[in-house]
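One structure is given here, and the rest of the page talks about it.
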Amino acid sequence: MTDTTRKFALFGLVALLIIGTGVLQSWNSALLILNMGLVSAVMSLGLNLQWGFAGLFNVGVMGFVALGGLATVLVAVPPVTEAWAAGGVRLILGLLTGAAVIVAAALALTRLKRHGMLAMIGLLVLGFFLYRWVFDAGVEAVEAVDPATSGFLGGLGLPVLLSWPVGGLLAAGAAWIIGKTALGLRSDYLAIASLGIAEIVVAVMKNEDWLARGVKNVIGLPRPVPYEIDLQNSAGFVERAGSLGLDPVTASTLWVKGLYSVLFAVVLIVLLVLAQRALHSPWGRMMRAIRDNEVAAEAMGKDVTGRHLQIFILGSAICGIAGAMMTTLDGQLTPGTYQPLRFTFLIWVMVIVGGSGNNLGAVLGGFLIWFAWVQVEPFGRWLLELATSGMSAGPLKDHLLDSAAHMRLLTMGVILLVVLRFAPRGLIPER
């Protein structure tokens with residue numbers, strides 16, 4: 001089988017799986033799998049830039065995805081005028097005070113040669129209390145404004161599609177901070193730093209209600225597509241749905257999910273084209289040369305740390321865009337759902353199974369692994385019901401049936417082991 005035939009066959013299999021879901025289950029389920037598959041493919045494409053192109057071990061994908069979700073709130077949600085009037089100005093002054101203290105401490109350390117360390121420590125201690133005095137009062141005032149429905153500053157009230165590139169910029173900024181700190185060290189330090197920053201980002205989002213309501217969640221986010229109820233109240237849409245033999249409710253949900261699919265597909269195609277052009281450019285060949293032998297590349301005059309920082313920022317920005325896309329699809333920001341199991345481990349499995357270093361392989365892995373992640377639980381439930389059909393009702397049978405939810409983890413591990421055994425370079429390996 002040629003390489004091209006193999007690619008067509010594998011992507012054809014993905015199409016058949018999604019179409020089969022529509023025929024055997026429902027087309028709403030099939031489109032939901034397609035949409036999340038597109039988002040997952042964007043995430044795995046971003047991680048593939050870092051690991052497949054440059055060999056950077058990033059286990060903080062969750063944090064960059066969460067920053068993309070936060071960008072959706074900061075950009076698209078209308079500002080809460082009562083919160084801004086109550087404590088918004090003081091809160092902003094507190095943040096500026098904290099930033100000024102950090103800058104002053106850094107300048108003291110570098111400019112004062114004899115007593116720089118003492119001056120830095122003194123500034124940080126005094127600045128901390130000043131920062132908390134200004135900042136905490138603003139936070140309390142903002143979070144006290146109708147906490148059941150708002151209790152936060154809101155956003156800028158701009159079109160939600162603008163939040164996608166902004167999510168990439170936020171993730172890129174966090175990647176710059178991590179990269180400047182850890183990219184000059186060994187790869188295991190990068191993994192520790194990226195994981196630590198990711199946990200910090202999620203912890204801040206969970207606990208700082210003034211920012212995005214914390215664990216109270218932000219619901220009812222603006223959408224780039226029509227609302228189902230508006231379509232159902234449109235006489236023209238109802239007439240077109242009836243001509244296709246569909247009821248208005250089903251037709252509206254399918255139409256909305258289909259529009260999301262088009263938007264996500266456009267983003268994925270644009271990013272994939274750019275990634276392919278980068279892969280086959282002199283820059284891409286240089287990145288792979290650095291990945292394969294950093295010492296030789298540095299001896300040839302290449303700035304290894306600078307290039308690592310460059311591609312780390314690019315890959316993280318793509319993950320941020322994917323996070324904003326996912327939050328837009330969900331219509332709500334739920335920081336409690338940002339778990340490493342889903343947003344780090346699962347994305348790594350997608351890249352490894354699809355083919356590390358191959359952009360098409362990363363996209364394929366995103367679709368296949370997400371399909372397995374969604375469908376394993378109902379299939380596992382059916383399998384366990386079949387296996388326990390001859391058992392009498394009791395604690396053992398109930399325990400086995402309740403274990404269906406854990407079939408996901410077992411299946412992901414089995415898939416990973418099988419692929420590593422029979423296709424160690426992935427289903428579509430790097431050429």
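Taken together, the values in this text are just the output of simple stated rules run on the coordinates, not laboratory data. Just so it is clear, the structure is predicted and the values come from calculations on it, not from any experiment. When we count neighbours, we look across all protein chains shown, and the Cβ atoms used for this are built from the backbone with ideal geometry, even at glycine.
I want to check the label-to-label distance for Phe379 and Ile92. Put each point 7 Å from Cα in the C-beta direction and report it in nm to one decimal.
5.3 nm
Using alpha carbon centroids, what distance separates segment 218-269 and segment 8-62, in Å?
Using only Cα atoms to place each centre, the spacing works out to 22 Å.
Quick one: which of 68-74, 243-249 comes out on top by average Cβ neighbours within 10 Å, and what's the full order, highest first? Please report the intermediate quantities before stating the final value.
Numbers: 68-74: 27.1, 243-249: 11.7.
The packing order, highest mean first, is 68-74, 243-249.
Give a quick list of GluC sites (Glu not before Pro) in segment 232-336 that DSSP marks as loop, anything other than H, G, I, E or B, with at most 15 other Cβ atoms within 10 Å. Kindly include the intermediate steps, with their values, before the conclusion.
On the way: sites: Glu239, Glu294, Glu298; in loops: none.
Taking segment 232-336 and a limit of 15 other Cβ atoms within 10 Å, no loop GluC sites (Glu not before Pro) are found.
Taking the dipole about the Cα centre of the chain, with the C-beta of Lys and Arg at +1 and of Asp and Glu at -1, give me whichever of Val353, Val39, Pro147 is farthest to the positive side.
Working it through, the farthest residue towards the positive pole turns out to be Val353.
What ranking do Met407, Met36 get, fewest neighbouring Cβ atoms within 10 angstrom at the top?
On the way: Met407 18, Met36 22.
The order, fewest Cβ neighbours first, is Met407, Met36.
Let me check against my output: what whole-number percent is the relative contact order of the chain, with C-alpha pairs under 8 Å and at least 6 apart?
Values: 656 pairs, mean separation 125.3, N = 431.
Normalised by residue count, the contact order of the chain is 29 percent.
Can you tell me how much longer the chain between Trp133 and Ala85 gets when fully stretched, taken as 0.36 nm per residue apart minus their C-alpha distance, in nm with one decimal?
Values: separation 48, 0.36 × 48 = 17.28 nm, distance 1.86 nm.
Gain on extension, Trp133 to Ala85, equals 15.4 nm.
Give a quick list of trypsin sites (Lys or Arg not before Pro) in segment 349-428 that DSSP marks as loop, anything other than H, G, I, E or B, with at most 16 other Cβ atoms within 10 Å.
Counting only loop positions with at most 16 other Cβ atoms within 10 Å, the trypsin sites (Lys or Arg not before Pro) in segment 349-428 are Arg425.
Starting from the exponent 0.38 and prefactor 2.2 Å, build the expected Rg for segment 285-326 from its residue count and divide its actual Cα Rg by it. Write out the running numbers ahead of the final one.
Details: Rg = 13.3 Å, N = 42, 2.2 N^0.38 = 9.1 Å.
For segment 285-326, the normalised Cα radius of gyration comes out at 1.46.
State the extension gain, in nm to one decimal, for the chain segment bounded by Leu156 and Arg240, taking 0.36 nm per residue of separation less the distance between their alpha-carbons.
Gain on stretching Leu156 to Arg240: 26.6 nm.
Answer rounded, prolate or oblate for segment 1-98, using the Cα gyration tensor with square roots of eigenvalues a ≥ b ≥ c: rounded when a/c is under 1.5, else prolate when a/b is larger than b/c, else oblate. Mind dumping the intermediate values first?
Working: a/c = 5.33, a/b = 1.87, b/c = 2.85.
It is oblate, given that a/c is not under 1.5 and a/b is not larger than b/c.
Just to confirm the filter: which trypsin sites (Lys or Arg not before Pro) across segment 102-172 are DSSP coil and have at most 13 other Cβ within 10 angstrom of their Cβ? Walk me through the numbers before you get to the answer.
On the way: sites: Arg111, Lys113, Arg114, Arg132; in loops: Lys113, Arg114.
Here the trypsin sites (Lys or Arg not before Pro) that fit, given the DSSP loop and packing criteria, are Lys113, Arg114.
What are the ³J(HN,Hα) couplings of segment 270-286, residue after residue, when phi is run through the Karplus curve with 6.51, -1.76, 1.60 and θ = phi - 60°? Round to Hz, x for glycine and proline.
Those phi angles translate into 4, 5, 5, 4, 5, 5, 5, 5, 5, 4, 9, 8, x, 4, x, 5, 5 Hz.
Mind listing the phi-derived Karplus ³J(HN,Hα) values for segment 212-227, rounded to whole Hz, using 6.51, -1.76 and 1.60 with θ = phi - 60°, and x for any glycine or proline?
8, 6, x, 7, 6, 6, 10, 10, x, 5, x, 10, x, 10, x, 7
Lysines within cross-link reach of Lys206: Cα-Cα under 18 Å, excluding same-chain residues under 8 positions apart?
Here the lysines satisfying the reach criterion relative to Lys206 are Lys216.
Taking amide H positions as placed 1.01 Å from N in the peptide plane, with prolines and chain starts having none, which residues 5 or more places from Val218, or on another chain, fall under 5 Å of its amide H?
Placed amide hydrogens put Leu333 under 5 Å from Val218.
Extension gain Ser26-Met300, at 0.36 nm per residue separation less the Cα-Cα distance, in nm? Intermediate results must be reported in sequence, preceding the final value.
Values: separation 274, 0.36 × 274 = 98.64 nm, distance 5.69 nm.
Fully extending the segment from Ser26 to Met300 adds 93.0 nm.
³J(HN,Hα) across segment 34-43 via Karplus (A = 6.51, B = -1.76, C = 1.60, θ = phi - 60°), whole Hz, x for Gly/Pro?
Per-residue couplings from phi come out as 4, 5, 5, x, 5, 5, 5, 5, 5, 4 Hz.
Is there a quick way to get the dipole size of segment 306-410? I mean about its Cα centre, with the Cβ of Lys and Arg at +1 and of Asp and Glu at -1; what is the value in debye to the nearest 20? All intermediate terms of the calculation are to be shown ahead of the outcome.
Values: 5 positive and 5 negative charges, 61 e Å.
Using Cβ point charges on Lys, Arg, Asp and Glu, segment 306-410 gives about 300 debye.
At a Förster distance of 51 Å, what's the computed FRET efficiency of Arg223 paired with Arg114, Cβ-Cβ distance as r, to 0.05? Kindly include the intermediate steps, with their values, before the conclusion.
Working: r = 60 Å, r/R0 = 1.17.
Efficiency, from the Cβ-Cβ distance: 0.30.
If you build the Cα gyration tensor of the chain and take the root of 5 times each eigenvalue, what three semi-axes come out, in whole angstrom, biggest first? Could you put the intermediate results ahead of the total?
Numbers: eigenvalues 305, 201, 97 Å².
Those come to 39, 32, 22 Å.
Can you give me the C-alpha center-to-center distance between segment 155-213 and segment 353-371, rounded to a whole angstrom?
About 24 Å separates the Cα centre of segment 155-213 from the one of segment 353-371.
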